[in-house]
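One structure below.
Where a number appears in this text, it was derived from the coordinates with a stated rule and is not lab data. Note that the structure is a prediction, hence the values are computed from the model and not measured. Cβ placement follows ideal geometry from the backbone for every residue including glycine, while neighbour counts extend to all protein chains displayed.
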Amino acid sequence: MMEIKKFDVAVLGGGPGGYPAAIRAAQRGKSVALIEAKELGGTCLNRGCIPSKALIAGAEVVDRIHEAKEFGIHVGEVNIDYAQLAFHKDRVIERMRKGLEGLMATNKITVFKGFGQFISPREIKIKGQDNTSITADQIIIATGSEPRNISAFPFDYERIHDSTSLLAMKTLPEKLIIVGGGVIGCEFASLYATLGVHVTILELLPRLISSEAIEVSQALTKAFIKRGIQVETGVKVQKIEQVEMGIQVQVEEGKHYVADCCLVAVGRSLNTKNIGLDKAGILVQENGMIAVNDKMQTNVDGIYAVGDIASKWWLAHVASHQGLIAADQICGKSSRMYYHAIPSVIFTHPEIATVGLSLEEATKRGYKAKLASFPFQALGKSQAALQAEGFAQIVVEEKSGQILGAQVVGYEASVMIAEMTLAIANELTVECVAETIHAHPTLPEAWLESALLGEGLPLHLPPKTQKKG
Ligand code: NAI
């Protein structure tokens, strides 16, 4: 009879939710098993954040070369060898994956390669490269999500792509249609347009990235149109067909669009099926998510869930934080998950970064709030770098001056958001930011200026730019 291996902790899924949990539990002295069906690093490292950012980093170079002439620097024609750029992306993934494998080994985590399924609340059967069963006193589920597959869209992964197959392409199309103007759709639109592809976005809702504040969505749409991206909103894609020249996309309104290929980015589905949740008695909610409390505990004692399957925040860094909390709980440390200061970055050109509440959300939640918005145009560093597009804005509670949220659109927004994340996580006020000396000339001075504006004491702007909620 096959011997069943026993561990203190088993983690199901080796993505940004699972592997940090495994490391934390191992470092706190537990024997840990990590079960992964594909590659360590999950979607983020292998099919998401990292590969897309490796390509986007190349696109940023293209942008800077185009901008060079404004500085009086003239370079010859830009030739993009996409195969080389794709090779760079693959090499980055490879390096990072090797690093992770090393981390698993140095932390003495036993990695099982295969698909894990609950047989009972404490037992997992693994099928794949490793075929075995294990038991664990505590289990963390971190199985993540994958691109949503819709039957009306016959994916062949050569012309009709999801984000995974598009990232794996070795050549660039001439014309690309993107179905869905959400986060993934917009990041790919920005990337491919910069690389010279003619891009059309077809979005069902009246605006792009509708989950973001309206000013942010408007700024992105304006920048996209200026870049030559065709943006069609309020259109429902009904059918996608293969035609001789490529693909044809039909929208409900009767119109159709033709291109070499298309990307369907209409959301993701959760990996909660076929993992035996019923055998463990784990409660799945109507929206498909596993019900958890703020300690990431499910309804079953000793079983935790983290990442996309456990909250509406489908972000790698949220998954990682939840993973650490679950591992800490298992090891007897009391920590809780809070969601009031979650930074979120969209790697478009211009970059978008947000944290906390938008003015609309703050008002909906009953806050009397105002917006203090500072344009990069008025900032010396932005002007010097010829990056004066966009703005940084703070959502301020009127009475207390507490910072409820912040949004930034423009150059290095992804870096800028860290200051506001720290401010909101620590419940700081605009006064705290205004009294903090910011180095000059730097981009974060935009926060200082917004804070001063929020206090009604603007320095480099007249006080009229404040909007009330
Ligand atoms: P999404 O939910 O952000 O956007 C999907 C869009 O498709 C929506 O705007 C929706 O209205 C539209 N849509 C749906 N059906 C349609 C139809 N038939 N015709 C036209 N439009 C249609 O989902 P997305 O972009 O696939 O991203 C999935 C998740 O991945 C997001 O929740 C996001 O948080 C996460 N993600 C985050 C990134 C980041 O933080 N930088 C990068 C990539 C993904």
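My understanding is that a pair violates if its Cα-Cα distance is over 29 Å; which of Lys5/Lys273; Lys69/Lys255; Lys69/Lys381 do that in this structure? All intermediate terms of the calculation are to be shown ahead of the outcome.
Numbers: Lys5/Lys273 25 Å; Lys69/Lys255 40 Å; Lys69/Lys381 19 Å.
Those over the limit are Lys69/Lys255.
Normalise the Debye intensity by I(0) for the chain, one equal point scatterer per Cα, no solvent, then take log10 at q = 0.06, 0.10 Å⁻¹ and round to two decimals.
Summing over Cα pairs of the chain leads to -0.30, -0.84.
Sorted by packing (mean other beta-carbon atoms within 10 Å per residue), highest first, where do 343-351, 190-198 land?
Working: 343-351: 22.2, 190-198: 20.2.
Per-residue mean Cβ counts within 10 Å order the peptides as 343-351, 190-198.
Only helices at least 27 Å long along their axis, Cα-based, and averaging 0.0 or more on Kyte-Doolittle count here, so list those DSSP H runs from the chain.
On the way: long enough: 49-68 (28 Å, 0.53); 82-106 (36 Å, -0.37).
For the chain, where a helix must reach 27 Å along its axis and average at least 0.0, the hits are 49-68.
Towards the positive end of the charge dipole of the stretch 343-455, with charges on Cβ (+1 Lys, Arg; -1 Asp, Glu), say which of Gln387, His349, Ala446 has the farthest Cα.
Looking along the dipole axis, the top candidate is His349.
Return the Cα extents of the stretch 146-239 along principal axes one, two and three, sorted largest first, each rounded to a whole Å.
36, 29, 21
Any of Lys364/Lys399; Lys6/Lys89; Lys127/Lys312; Lys98/Lys175; Lys6/Lys53 with alpha carbons more than 27 Å apart? Name them for me. Write out the running numbers ahead of the final one.
Values: Lys364/Lys399 17 Å; Lys6/Lys89 38 Å; Lys127/Lys312 29 Å; Lys98/Lys175 35 Å; Lys6/Lys53 39 Å.
Over 27 Å Cα-Cα: Lys6/Lys89; Lys127/Lys312; Lys98/Lys175; Lys6/Lys53.
So if I place +1 on the C-beta of Lys and Arg and -1 on the C-beta of Asp and Glu, and nothing else carries charge, what would the dipole magnitude of the stretch 343-455 be about its Cα centre? I want it in debye, nearest 20.
Magnitude of the dipole: close to 240 debye.
Roughly how far apart, in whole Å, are the Cα centres of the stretch 370-439 and the stretch 20-94?
27
In what sequence, highest mean first, do 403-410, 308-315, 19-26 appear when ranked by Cβ atoms within 10 angstrom? Could you put the intermediate results ahead of the total?
On the way: 403-410: 27.9, 308-315: 20.6, 19-26: 26.1.
Averaged packing, sorted descending, gives the order 403-410, 19-26, 308-315.
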